[in-house]
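These notes concern the structure reproduced below.
The values are calculated or read from the model by the stated rules, or taken from the named source; none is laboratory data. Small disclaimer: the values here were computed from a predicted structure and weren't measured. All Cβ positions, glycine included, derive from the backbone under ideal geometry; neighbour counts span all protein chains shown. SASA here: full protein model, heavy atoms, side chains in, ligands and nucleic acids out. Shrake-Rupley method; radii C 1.70, N 1.55, O 1.52, S 1.80 Å.
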Amino acid sequence: MKWKRVTGLVALVSCVGLVAAACGSDSGGGSDLKDQRLVFVNFGGQSLEAAKLGWLEPFSKETGVQFAQDSPTDSAKIKAMVESGKTTWDVVHNDIASGGSQCGTLYEKRPADFDMSEVMEEYVTDDCGVPITRQAVALLYNKEIFGDDPPTSTTDFMDTAKFPGKRLVFNYPVGSAEPLLMADGAAPDEIFPIDWDRVTGIFDRLGSDLEPKDSLAQMSETVESGDYAMCLCYVGRFASASDSAQEKIGLVWDKTYLAWDAAYAVKGSQAPEAQMEFLQFLATNDGQKGFSKYLAYSPTTTEGLKEDDVSELFRGYLPDFNEDKITDTYVLDPGYWTKNIDQAMEAWTEATAG
């Protein structure tokens, strides 16, 4: 069949438990999907709630597909599911290195007539995923710790003498190795291929002052608690922090790392039609932008974000509205990561082992 665009989904709705049947919808040509159920997985925390409100509930309302959610995304778990023939996760939000490297093996390829015309071409880097979010990693710092002498450059992350205290980084090579090298003074054209000896040296120099966190939710919780000095963080998550946490967060944009993720259809799904229809929904301007109302990440679609699409608070955490503050942009290299993710995982484990 030709995959249909699911339209008219700008309005956000709330269905208890995401059970669309309770909302009484049979519009959008989705009656053939109303008995199907999908499990959607991402990295957890605020992003799981944003996905529920911005993507899952609108799609449920229109089609009748029911959703459950789980987190965090775990490539080893996905591999075990597919190889055992017992797939329980249907659509996963994953980084493009892990997703692209397993395209056709753990993840279904997009059908030939799948419509990607509303997704920006530069973000389409494999034959399986639908790019869904663009995010930035930049330097966050604790205003209460540094007072009138805060860090003013991303390279201050490495200066523990002038700026003492705990540093945070996500415990995953993609999107962490690049910002660490960025903070160490590497120029944008010096990042790839990753110099793993230099990454290891950064961990050695910072020692116990650098703490990798195993989940983005853990990073958010640590920042909100105030138990940190600096963080190379996915900044969009902190637009949703509590008011008290907001007052403590300072943000330095001078060097900013930009990346994107994608949604992938796990092989062996019991609801393959709903699975692919949901990906088609995520490949549209209207389908994607609901997420940005709940978490300050940008869509990957051609319309982008306008000021009235997000709150004033969110605009402060989105690179789209802070380009005048960014002097150096570091961009994800999907080709490098897709080819080298296995070796990178080994090198990262060695670097973080201390």
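A compact table of results
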| quantity | calculated |
| --- | --- |
| Residues within the stretch 135-149 that are in contact with a strand residue (DSSP E or B) (Cβ under 6 Å, 6 or more places away or on another chain) and modelled with pLDDT of 95 or more, tallied | 7 |
| Restricting the stretch 200-249 to residues that are polar (S, T, N, Q) and within 19 Å of ASN322 (Cβ to Cβ), the residue that is surrounded by the most Cβ atoms within 10 Å (Cβ to Cβ) | SER240 |
| Some residue of the stretch 57-69 being surrounded by fewer than 24 Cβ atoms within 10 Å (Cβ to Cβ) and more than 16 Å from GLU277 (Cβ to Cβ) | yes |
| The one condition in (1) open to solvent by 50 Å² or more (accessible area, probe 1.4 Å); (2) under 28 Å from SER208 (Cα atoms) that ILE341 fails to fulfil | (1) |
| Residue count, the stretch 162-199 (criterion: without any contact (Cβ under 8 Å) to a residue 60 or more places away in the chain and open to solvent by 30 Å² or more (accessible area, probe 1.4 Å)) | 8 |
| Unique residue being touching a Leu at 6+ places or on another chain (Cβ under 7 Å), at pLDDT below 95 and not basic (Lys, Arg) when the list is ALA217, ALA239 | ALA239 |
| Selection from the stretch 29-51 of residues that are surrounded by fewer than 18 Cβ atoms within 10 Å (Cβ to Cβ) and part of a helix (DSSP H, G or I) | SER31, ASP32, GLU49 |
| Some residue of the stretch 101-121 being basic (Lys, Arg) and either under 16 Å from the mean Cα position of the chain (by Cα) or more than 14 Å from LEU279 (Cβ to Cβ) (or both) | no |
| Residue in the stretch 138-148 that is most open to solvent (accessible area, probe 1.4 Å), counting only those that are out of contact with any helix residue (DSSP H, G or I) (no Cβ under 7 Å at 6 or more places or on another chain) and farther than 19 Å from LYS325 by Cα | ASP148 |
| Pairs, first within 19 Å of GLU122 (Cβ to Cβ) in the stretch 328-348, second of a type in the set (Ser, Thr, Tyr) and open to solvent by less than 60 Å² (accessible area, probe 1.4 Å), C-beta under 6 Å, six or more apart | THR329/THR256; TYR330/TYR257; PRO334/THR125; THR338/SER101 |
| Filter result (in a strand (DSSP E or B) and closer than 30 Å to TYR264 by Cβ) within the stretch 148-183 | LEU168, VAL169, PHE170 |
| Criterion: on the phi < 0 side of the Ramachandran plot and either modelled with pLDDT of 95 or more or not charged (D, E, K, R) (or both) - qualifying residue of LEU38, LEU18 | LEU38 |
| Residue list for the stretch 72-95, restricted to those being farther than 17 Å from PRO272 by Cα, open to solvent by 50 Å² or more (accessible area, probe 1.4 Å) and either without any contact (Cβ under 8 Å) to a residue 60 or more places away in the chain or of a type in the set (Phe, Trp, Tyr) (or both) | ASP74, ALA76, LYS77, LYS79, ALA80, GLU83, SER84 |
| Residues that are at pLDDT 95 or above and surrounded by 15 or more Cβ atoms within 10 Å (Cβ to Cβ), drawn from the stretch 299-308 | PRO299, THR300, THR301 |
| Residue within the stretch 115-122 that is out of contact with any Cys (no Cβ under 9 Å at 6 or more places or on another chain), more than 23 Å from GLY54 (Cβ to Cβ), of a type outside the set (S, T, N, Q) and open to solvent by less than 10 Å² (accessible area, probe 1.4 Å) present | no |
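Each row is one residue, and each column tells you yes or no for (1) under 25 Å from ASP126 (Cβ atoms); (2) out of contact with any Lys or Arg (no Cβ under 8 Å at 6 or more places or on another chain); (3) not charged (D, E, K, R).
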| residue | (1), (2), (3) |
| --- | --- |
| LEU216 | yes, no, yes |
| ALA229 | no, no, yes |
| LYS267 | yes, yes, no |
| GLU273 | yes, yes, no |
